[in-house]
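Colleague: Sharing a structure here in structure tokens format.
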Amino acid sequence: MKNKLAKLKYLPNNFEILEPGDHVICAVSNKKIPLESLSYWNVEDQEPYYSYIEASLKKEKN
């Protein structure tokens, strides 16, 4: 399943895989995030972030 976009449901401390894949796309930078590296997301907005930097940039915009 190489280079396939996954569809996830973001939960408070984890995520659920709705459609299998190996990565998601950062909501701020559009960078590819391998699932094994995914650490930052927003449960309310259901968005993944590449790093704490993108997560804080998104928070500043709101």
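Colleague: Report, in debye and to the nearest 20, how large the dipole of the chain comes out about its Cα centre when Lys and Arg carry +1 and Asp and Glu carry -1 on their Cβ.
Modeller: 200 debye
Colleague: Which number do you get for Rg(Cα) / (2.2 N^0.38 Å) in the chain?
Modeller: Here the answer is 1.05, to two decimals.
Colleague: In addition: In the chain, with Lys and Arg counted as +1 and Asp and Glu as -1 at Cβ, which of these residues, Gly21, Ser56, Leu11, has the Cα nearest the positive end of the dipole, that is, farthest along it?
Modeller: Among Gly21, Ser56, Leu11, the one farthest towards the positive end of the dipole of the chain is Gly21.
Colleague: Which of the trypsin sites (Lys or Arg not before Pro) found in the stretch 18-62 are in a DSSP loop and have at most 15 neighbouring Cβ atoms, other than their own, within 10 Å?
Modeller: Answer by residue number: Lys31.
Colleague: Measure nothing but the geometry: give the 0 to 90° angle between the long axis through the Cα atoms of 52-61 and the longest principal axis through the Cα atoms of the chain, rounded to 10°.
Modeller: 50 degrees
Colleague: Taking H as built 1.01 Å from N, whose amide H comes closer than 5 Å to the amide H of Lys31, not counting residues under 5 places away?
Modeller: Close amide H contacts, sequence-distant or interchain: Cys26.
Colleague: Quote the FRET efficiency, to the nearest 0.05, computed for Ile53 versus Glu19 with a Förster distance R0 of 35 Å and r equal to the Cβ-Cβ distance.
Modeller: 0.80
Each value in this text was obtained by applying a stated rule to the coordinates, not by laboratory testing. Computed from a predicted structure; not experimentally measured. Every residue, glycine among them, receives a Cβ derived from its backbone with ideal geometry; neighbour counts consider all protein chains shown.
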